Amino acid sequence: MLKKYMPDIICNSVLDIDLNLLKRKGIKYLVIDIDNTIVKWGRFEVEHEIIEWLKKVKMLGFEICLVSNNRKNRVKKIEEILGIPTVYNAKKPLKYGFLKAADILHKGMKNEKTAVIGDQFLTDVLGAKRLKLFAILVKPLDKNEFFVTKINRLVEKFILKYFQLS
């Protein structure tokens, strides 16, 4: 039963995602987590490699929306830095933030054309799978995290072991 929540792809980093594979699968829209997926938690600096990757993603024709459970002021600052639309206080893994991102990207959910990229199983992957979206799990950029995330990581470790993906 839990297998339906398994990530479709697991990568070390967003930089390792095969964008051509996503194109072949018909993916056009990327909903990307912010903290520890493309920016280290609590930081505003975006590494040069991530900025270049995001440019490549756009050049390949993907449309992007960044989605975070974080507060408005942090998320909007990242939006300003990257020039990519955002959803803050997304309440992941609830559907709310993903549906709001879908409205920003294409005025409604297009499940077969949307992929979610994030570093947490319990928020990003679980939320994506609840809406039957393609889910890509990446390793966190940093060990520094919100205290609730540290607790989630303990649960996540057992889930990934169940999937034999750890």
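The values are calculated or read from the model by the stated rules, or taken from the named source; none is laboratory data. Keep in mind that what you see is a predicted model, and the values were worked out from it rather than measured. Cβ coordinates were reconstructed from backbone atoms using ideal geometry, including for glycine residues, and neighbour counts include every protein chain displayed.
Any residue in region 69-79 that is within 23 Å of Asn111 (Cβ to Cβ), crowded, with 19+ Cβ neighbours inside 10 Å and at pLDDT 95 or above? So far as region 69-79 goes, no, none of its residues is within 23 Å of Asn111 (Cβ to Cβ), crowded, with 19+ Cβ neighbours inside 10 Å and at pLDDT 95 or above. Filtering region 85-118 to residues that are outside any helix (DSSP H, G or I), charged (D, E, K, R) and either out of contact with any strand residue (DSSP E or B) (no Cβ under 9 Å at 6 or more places or on another chain) or surrounded by 19 or more Cβ atoms within 10 Å (Cβ to Cβ) (or both) leaves Lys91, Lys92, Lys107. It is to be established whether one or more residues within region 15-31 are within 15 Å of the chain's Cα centre (by Cα), closer than 16 Å to Glu156 by Cβ and buried (at least 22 other Cβ atoms within 10 Å of the Cβ). No: region 15-31 contains no residue that is within 15 Å of the chain's Cα centre (by Cα), closer than 16 Å to Glu156 by Cβ and buried (at least 22 other Cβ atoms within 10 Å of the Cβ).
When we screen Lys72, Lys77, Lys58, Lys132 for residues that are over 23 Å from Asp8 (Cβ atoms) and free of Cβ contacts under 8 Å to residues at least 24 places away in the same chain, the only hit is Lys72. If you check every pair at least six apart or on different chains, which have Cβ atoms under 6 Å apart with a residue in region 20-37 that is more than 14 Å from Ala135 (Cα to Cα) and free of Cβ contacts under 8 Å to residues at least 40 places away in the same chain first and a residue that is part of a strand (DSSP E or B) and among the basic types (Lys, Arg) second? Sorted first by the residue in region 20-37, then by its partner, the list stays empty. Within region 37-52, being aromatic (Phe, Trp, Tyr) and buried (at least 18 other Cβ atoms within 10 Å of the Cβ) holds for one residue alone: Trp41. Quick one: would you say Lys92 is farther than 18 Å from Ile136 by Cα and modelled with pLDDT of 90 or more? No, not satisfied.
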